[in-house]
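The values are calculated or read from the model by the stated rules, or taken from the named source; none is laboratory data. All values derive from a computational prediction rather than experimental measurement. With ideal geometry, Cβ positions are generated from the backbone for all residues, glycine too; neighbour counts draw on all protein chains shown. We work out accessible area using only protein heavy atoms, side chains counted, and drop any ligands, DNA or RNA first. Shrake-Rupley method; radii C 1.70, N 1.55, O 1.52, S 1.80 Å.
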Amino acid sequence: MKNILNNQTVAKFGFVLLLFVLLQIPLSMVSNLISERSYRLEEVRNEIARSSTGEQRIIGPFISVNYTEMVNHEGKQYFTEHRQYILPETFNFNADLESYAKYRGIYQARLYKADSRLTGTFDLSPLTQIGRDKINSVSMVVGVSDSRGLIKLNKMTLDGKSIEIQPGTGLNQFAQGFHTNLDFTQLLAWKDSTSNNGSADIKLQPLTFDFNFLLQGMESIQVTPIGKVSNVEMNSLWPHPSFTGDFLPISSDISDKGFNAQWASNNFSSNISQLFERCMIDSGRCAELDRRQMGVDLIEPVDHYLKSHRAVNYSLLVITLVFASFFLLELFQARLMHPVQYGFVGLALALFYLLLISFSEHLGFNWAYVLSAIASTVLLSIYVGGMLANPKQGKLFGLCLMGLYGLLFGLLQAESYALLMGSLLCFAILSLLMLLTRHVDWYAKNADHSVINKDVPPELENDGQ
């Protein structure tokens, strides 16, 4: 044990290891800075949402029936008010999303304007079951999560006839949106014919609706498949969609020119009727209904904060490789390097990540990575060339470092295989280091230790001489 502690090589290794640990302080500061800037971006997006519009969710149309019913209790009669809701038989939603960016300083949020159309039909037979004399009012309701996004209400028709739209819904569960009051006498077509039993027949026609409006929102739009049969279609020139909700599209076409997606569901797959009824009875039971969505997020293709954070995670590998190369240079060529030189090289490697996050906020991640890698490589090439008193070795070091940065850039781009490629790279590097040092006599008392096997590569043996 005493020989090990007095060994210069082991002492140098321990000091380099200590320096490696100390370098985690500036790297941790850079990582915290990335998290802080990412949090600030989220704050800016929330501020933009508060001052304009946020994520949008559309539910409806559905018919709300307010009626009065007489109840007998202990010989007394009471009138109680009730609400019944009628969901559409068929429900179709089409939207053409035009996306644009809204900036605040160096940060941005992606907004959209959705040219929306709601079409479908209602079965009005539940109205006859209530009774004509009991009904107080009938309204058709469309709920949206942020009514500030209702920029323009275009053509609104029922059975081909224009209707007047009123703001709000009158419901606690979906407070924001719009509604229209319906004339009950015009909904039902009474047929003065007599059936076999002498009673009058009521002829019910399906009620068709066609609502067109322009809806603004931020990043996300979701639609509740409220019909017994629902079809949703969305398209946009934005080429980076992320489909959300409980239903994935049954078909989608995504390219550099944009995307087009179609969804379909029915009451058996969505159970929308029961979920809607539970929600309207008790607002605390709306969570399941809220999850029954078909939607899309317009995401940014590159989150430079996320990629910068991932790059910092690989900093341990970069610093380890550079320090290991210097240590092996000392080991095989008997070149003594001062710990201060190790420190300057480590700080230069750490500064790369600060340059990366600074440039990426203005130039994007890819260009920021290229510029930061070039700056770090040029600096270290000049420094290492002077440190070794050999400009050629400095240039060779720069080429190797640039190759390492290029390899790490590939790891950052390969999201699906990043872990596998990173693991294989670490294994390959460790294997190389173990093979190069497998014959080193670590018990040697001096730095000029012996390599005791003829299998040592000739070039390393010549350098040692």
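Of the residues N235, N266, only one is closer than 30 Å to Q84 by Cα and open to solvent by 20 Å² or more (accessible area, probe 1.4 Å); which?
When all the criteria are applied, what remains is N266.
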Considering only segment 49-57, I want to know if a residue exists there that is open to solvent by 60 Å² or more (accessible area, probe 1.4 Å) and over 30 Å from N266 (Cβ atoms). yes
Do we have S252 as more than 22 Å from K152 (Cα to Cα) and either among the aromatic types (F, W, Y) or open to solvent by 50 Å² or more (accessible area, probe 1.4 Å) (or both) here? yes
Please go through segment 291-317 and give me each residue that is loosely packed, with under 15 Cβ neighbours inside 10 Å and farther than 30 Å from N32 by Cα, ordered by number. R291
Within segment 363-379, which residues are in a helix (DSSP H, G or I), touching a residue at least 40 places away in the same chain (Cβ under 8 Å) and surrounded by fewer than 19 Cβ atoms within 10 Å (Cβ to Cβ)? N366
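Of the residues T128, T53, which single one is in contact (Cβ under 8 Å) with a residue 12 or more places away in the chain and under 26 Å from Q205 (Cβ atoms)?
Only one candidate passes the filter, namely T128.
Would you kindly identify the helices (runs of 4 or more DSSP H) lying entirely within segment 380-465 that contain at least 1 residues that are modelled with pLDDT of 75 or more and within 17 Å of T320 (Cα to Cα)?
391-413, 418-436
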Would you check if there is a residue in segment 251-258 being within 18 Å of the chain's Cα centre (by Cα) and hydrophobic (A, V, I, L, M, F, W, C)? yes
Quick one: which strands (runs of 3 or more DSSP E) lie wholly within segment 198-310 and hold at least 1 residues that are under 19 Å from E55 (Cβ atoms)? 207-218, 220-223, 229-236, 241-245, 258-266, 294-298
Kindly evaluate F352 against the criterion of being part of a helix (DSSP H, G or I) and buried (at least 20 other Cβ atoms within 10 Å of the Cβ). yes
When every residue in segment 394-408 that is open to solvent by less than 50 Å² (accessible area, probe 1.4 Å) and closer than 15 Å to Y314 by Cα is compared, the one farthest from the chain's Cα centre (by Cα) is L401
